[in-house]
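A short worksheet on the structure shown next.
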Amino acid sequence: MVKHVVFGTILNVMIFASVIVGYYGYKGGNYFIPILCASAFGLSVFYKIKHTKSVREEMKQKAEMNVKQKNKRKK
């Protein structure tokens, strides 16, 4: 579970950093940096969504296992 928290935090930092660096790069008159940051932003959001889906699926499986174990104990 710790690896999910760390990976999610890294993705959030990458999203925020790409927006901030892209903005200041654009204000500085450079157009290569905002394009690079836009691609980093897109990839970070893609992996954030993919990671969120995998975490939800993992939590769903753990919850189902807990329900099955509780039902076995009651019988």
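Key figures for this structure:
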{"quantity": "Accessible area (Å², 1.4 Å probe, nearest 10) - V6", "calculated": "80"}
{"quantity": "Tally of Lys pairs whose C-alpha atoms are under 30 Å apart, taken over the chain, 8 or more apart or cross-chain", "calculated": "26"}
{"quantity": "Per residue value of the accessible surface for the chain (all protein chains in place, 1.4 Å probe), Å²", "calculated": "85"}
{"quantity": "With every protein chain in place, the chain: carbon and sulfur % of accessible area (1.4 Å)", "calculated": "68"}
{"quantity": "Average Cα contact separation per residue, the chain, under 8 Å, 6 or more apart, as relative contact order %", "calculated": "29"}
{"quantity": "Cβ-placed point charges (K, R +1; D, E -1), dipole of the chain about Cα centre in debye, nearest 20", "calculated": "920"}
{"quantity": "Cβ-based net charge around I10, under 15 Å, with every Lys or Arg adding one and every Asp or Glu removing one", "calculated": "+3"}
{"quantity": "Förster radius 35 Å - calculated FRET efficiency between I20 and K62, Cβ distance, rounded to 0.05", "calculated": "0.45"}
{"quantity": "Accessible heavy-atom area order of K68, K62, highest first, probe of 1.4 Å", "calculated": "K68, K62"}
{"quantity": "Net length gained if the chain between F46 and I10 were fully extended (0.36 nm per residue, minus Cα distance)", "calculated": "11.6 nm"}
{"quantity": "Taking the convex hull of Cα positions in the chain, its mean projected area over all directions (nm²)", "calculated": "5.3"}
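The values are calculated or read from the model by the stated rules, or taken from the named source; none is laboratory data. This one's a predicted model, so the numbers in the text were calculated from it and none came from an experiment. Note that each Cβ is placed from the backbone with ideal geometry, even for glycine, and that neighbours are counted across all protein chains shown. Accessible surface is based on the protein model in full, side chains and every heavy atom, while ligands, DNA and RNA are left aside. Shrake-Rupley method; radii C 1.70, N 1.55, O 1.52, S 1.80 Å.
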